[in-house]
Amino acid sequence: MQTLTLRDRFRLARFTRGLGTEPGPVTLERSRIFILPTTTGLMFAMVLLVMLLGSINYTNNMGYMFSFLLGSMALVSIFHTYRNLAGLRFSMGKATPVFAGERAGFDIRVSNPSPYTHYAIELIVGGEPPVSVDLEPGHEKTVTVYRPTTSRGLQPLGRWKVSSTVPLGLFCAWAHLDLHGNCVVYPRPGPRRPVPQTAVYKPNQSGDKGRGVDDFACFRPYRPGDSPRHLFWKAVAREQPLLVKQFGGDRADELWLDWHDLRDLDTEARLSQLCRWVLDAEQQQLRYGLHLPGLQLEMDRGSEHRHHCLQALAQFRLPPPADD
Amino acid sequence: MTDPSLTVRSRSWLLVSTGLALLPHAWHLPVWVTVFVVGIGLLYRYTLQAPQHTVPRFLVLALTLAGAAGVLWQYGTLLGRNAGVTLLVIMLSLKLLEAQRPRDARLVIFTSYFVVITNFLFTETPLIALYMFAITIVITATLSVVTHDSDIRPAHNHLRLAGTLLLQALPVMLVLFIFFPRIIGPIWGLPKDAHAGVTGLSGSMSPGAISRLVESGATAFRASFSGPVPAPEQRYWRGPVLWKTDGRTWTTGAFVLLAPASKALLQPQGDPVQQEITLESHNKRWLLALDRPYAISIPATRTVGSEWLAPKAVRERIRYAVTSYTDYRTGDLNPVLRKAALQLPENLSERLRELAQHWRHNASDRAVIRKALEYFHNEPFIYTLTPPPLDEDPMDEFLFETRRGFCEHYTAAFVLLMRSAGIPARVVTGYQGGEYNPVGEYMLVRQSDAHAWAEVWLPDTGWERVDPTAAVAPERIEHALDLSAQDSGAPVRFRLIEGGLLSSGLRGLRYALDTLNNSWNQWVLSYGPGRQRELLAALGMQQANWKAMVLVLAGLISVFLLGIAAWMFLRKPHRSDPVVQVWNTYCRRLGQLGMQRKPWEGPRDYSRRVAAYRPELASQVNPITDIYIRLRYDNPENPTGLLTQLQRRVRQYTGRAKRKRTPPDKPAD
């Protein structure tokens, strides 16, 4: 638990912004939770005031009693509102990478080690609609919250709010949290533009076009270990020996995506364009490599390679002038 | 933020809670309002059945106008207590039709709370208070439902939550009720009809006035005695004294007759009767007390008629102590009063005057009184609640023609006869009798005990009470009227002593219920600025000022709120699983032997460690562990049997361990 000095406790910033960025997990306790009446609560207070004035005017003891009952109920409900937040544990989960301009989804893990069920816990990020979650004792849930992105790079979730108006909506308890955890934001894909370098056809020692999964090459006899998905079932139906469809062409075309090919654009546009090319190359099942100032990613393909390339683009920083 | 539409579930809750809040008003609102509101409720129910069932806006508007017009037609105004409450009831039901979003729903709920509180303007019995508490739980649960419209907690969950909240609110409510600084209301003017429907003696009397009052079974006041309860023939409770008559109506007369009078008016004889009276609100200044009241505990003035008047009309239940003397003399009659006590209407009939003169002929005052009473007793007079109507000269017609009347007829005729014979006389209205409640040890006097009697002034003793009704119907003094068995024009029947087990059982129940009502009145409803001062003085705050009271209030509220917080947050959560309980006992026991279970250690590992450390325990530890694992992680066929087995084994084990409570070997870990 974080200890706060007296001066810290009375800082207004703590009230409006929370404690700043910190690593998770964070347990909500007294020093983090604030409570104020909601507009409904203020309206209720007005109703109570009118009731009390009426009771005084009519000298009606039952009226007094009823007004006091409702007032006390509102006071007691503060504890219930507080208890609905207190003790919850929050930590950041994974964040799936997105392209700039998309909404970045962050997973937040909420667990409830307390013996009470916590209802309608609302997680609010920026101007997004709140995400509500109920948690039974001892349970943990993962909630995905979204934050819009504008530019590439590592996007932190930033400050978010967890709040609750349980049980009666008269009071709102909230805590501001800002946990470590970033989402990789790839550059926004640029316009479709032909790749300046044509794909290089490279002969391959394992065959004319190599072996792969792309283009049908020929039939060959079945060997144990071959995937049944590649079996030529029609031949089986004709009671011929088992045949396997051989594909090839995987390693046929190789492509360098080079920063230096895009001299006419500024940095961000170049990165967007490279991003587009990475996506296109991956889609066309090409082997591609990425060439950036101060960084070179070797020929490869597959979603992991694609991620590495896009991440490199996302986090690219132009080295000090010398190279270009 | 956008407000989504309410779910059908929330709207059903709204319908139920609003209906419950409106229900008690059905007793005192005009029938058409009830029909109107029930109709709207049915319309709302219809809209719940399918989403396409909607109520067009113009219809809501039309109904609103119709409701307002109806109130205007009924009361002639939209303001005031009755009209205001009726309007509120109608508008709440109409608002229900419009409740589409949580915000509207909250408005409906807050208005429902308000409708509940307005009900206390009409009735304040403990039963209604209980009902209101129950309704408040439902309304609060509805607030919880509409606030979290989307979650799917079951209904009882919301009800339990609301119940918990309200029960936890009770202590703080009591503190506020007792210590919140009370001021004497009203702060501003009350509507004219604020005290409508209050019954009681009016301060004037005309034929039929008392018999109308007698039909009300409402409580007039309750009296408790510190000494013995006075005998039935002494239970005359003094109210307005009437001097002036126009032949039909009797009134208090000139202002001077209500002016303060000296204490010397009354010379007590015999023992005083101490009584404490809780007077219901009757909207008049008279403070009822046993005849003759001598001293009173609250600020009040004594009139020349020995009435006690409060400074202001009694508009709430008040309590005061009175010292009365049933045996007394009064002093001289000054000329002003003598004149007032001999005043006769201008159109007094000749027959009446002649009758009085005939009795007077050389007879003493007492002889005249005796003759008058004999006249009532011997002539065929009938004591009835429903006498025939009297026209031009009511007293003449009554005395010589109809001869049927209630106490006001006899008293008025008697006083007129006395005055005609030159004896100063006046009419006293009040109550006679009362029912003693042995459970609460007090006397309950109802409006049906209302009575009128005469007082004559005699030179030797002063004012003396004469009850002409007793000459006609002596039973009246001993028994209450039996209102359930009155026939039109027939003589009055009296409630004689009821026999039988059932009726005595019922009577006991009635006494108990009225005692409850009385305690409620004493301790809850009549708690006001005066009682608060007394209480604070008893607590050592003699000169309680506002500042001190607010401090005490704030302090006590904080203490109680902290208590509730402590109860909520420090309470160990209730472990309902008996298997876990037994297992924890067992682990604690082993822990005392120096083998605490590590938090990460499963039962199997734990038992292995224990067996390795204390091999002699293995024969006991292993079966316990096995049963526990089966109960917790298997799905055994006979869990209860296994549980008892586990409990027995653990008990045996811990018991044995206790018996050889030699200091355990020094734990090695």
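Solvent-accessible surface of protein heavy atoms, probed at 1.4 angstrom with all chains present, puts B:Glu215, B:Glu280 in the order B:Glu215, B:Glu280, largest first. Projecting the Cα atoms of B:Leu513, B:Asn347, B:Gln432 onto the charge dipole of chain B, computed from C-beta unit charges around the Cα centre, puts B:Leu513 farthest toward the positive end. The packing ranking, built from the mean of other Cβ atoms within 10 Å per residue, places the peptides B:283-292, A:63-72 in the order A:63-72, B:283-292, highest first.
R0 = 25 Å: FRET efficiency of B:Asn283 with B:Gln343, Cβ-based, nearest 0.05?
Result of the calculation: an efficiency of 0.35.
For the protein assembly as shown, the alpha-carbon coordinates run over 160, 84, 71 Å along the three principal axes, in decreasing order. Counting only other chain Cβ atoms within 10 Å of each residue's Cβ, the peptide A:39-47 averages 3. Name the residue from B:Leu161, B:Leu127, B:Val172 whose Cα lies farthest towards the positive end of the charge dipole of chain B, charges +1 on Cβ of Lys and Arg and -1 on Cβ of Asp and Glu. Going by the charge dipole, the pick is B:Leu161.
Here is what passes the span test in chain B: the DSSP H helices with alpha carbon length of 30 Å or more along the helix axis and a Kyte-Doolittle mean of -0.5 or above are B:126-147, B:155-179, B:546-570.
Of the GluC sites (Glu not before Pro) found in the stretch B:389-426, those that fall in a DSSP loop while having at most 13 other beta-carbon atoms within 10 Å are B:Glu392. Each part reduced to its alpha carbon centroid, the stretch A:10-32 and the stretch B:196-232 end up 69 Å apart. Between the stretch B:391-457 and the stretch B:507-575, the C-alpha centres lie 45 angstrom from each other. For peptide B:104-111, how many partner chain Cβ atoms fall within 10 Å of a residue's Cβ, on average? Mean partner-chain Cβ count within 10 Å for B:104-111: 3. Calculated [222 nm] ellipticity per residue, helices only, for chain B: -15500 deg cm²/dmol; basis is -39500 (n - 2.57) per DSSP H run with n ≥ 4, divided by all residues, nearest 500. Cα-based radius of gyration for chain A, normalised by 2.2 N^0.38 Å, reads 1.55. Per-residue shielding of B:280-288, expressed as the average number of other chain Cβ atoms within 10 Å of the residue Cβ, stands at 0. A full extension of the chain between B:Gln74 and B:His377 corresponds to an added length of 104.2 nm, given 0.36 nm per residue minus the alpha carbon distance.
Note on A:Cys218: accessible area approximately 60 square angstrom, rounded to 10, probe 1.4 Å, nucleic acids and ligands left out. Its Cα gyration tensor gives the stretch B:8-152 an equivalent ellipsoid, and the semi-axes of that ellipsoid, as √(5λ) in whole Å with the largest first, are 24, 21, 11. Basic side chains Lys and Arg get +1 at the Cβ, acidic Asp and Glu get -1 at the Cβ, and with that the dipole of chain B about its Cα centre reaches some 4460 debye. For B:Gln274 and B:Val31, a Förster radius of 60 Å and the Cβ-Cβ distance give a FRET efficiency of 0.80, rounded to the nearest 0.05. Only lysine pairs 8 or more places apart, or on different chains, with alpha-carbon atoms under 26 angstrom apart are counted in chain A, and they number 7. Computed packing ranks the peptides B:434-444, B:613-623, B:87-97 as B:87-97, B:434-444, B:613-623, most packed first, by mean other Cβ atoms within 10 Å. Hydropathy at least -0.5 by Kyte-Doolittle, axial extent at least 27 angstrom from the Cα trace: which helices of chain A, defined as entire DSSP H runs, fit? Span-like helices in chain A: A:39-58, A:61-85. Compared with the alpha-carbon gap, the fully stretched path from A:Gln285 to A:His180 is longer by 34.2 nm at 0.36 nm per residue.
Please work out the C-alpha center-to-center distance from the stretch A:224-246 to the stretch B:16-73 and express it in whole Å. Between the Cα centres of the stretch A:224-246 and the stretch B:16-73 lies a distance of 77 Å.
The values are calculated or read from the model by the stated rules, or taken from the named source; none is laboratory data. What you are looking at is a predicted structure, and each value in this text was computed from that prediction instead of being measured. All Cβ positions, glycine included, derive from the backbone under ideal geometry; neighbour counts span all protein chains shown. Remember, those area values only see protein heavy atoms, side chains included, never the ligands or the DNA or RNA. Shrake-Rupley method; radii C 1.70, N 1.55, O 1.52, S 1.80 Å.
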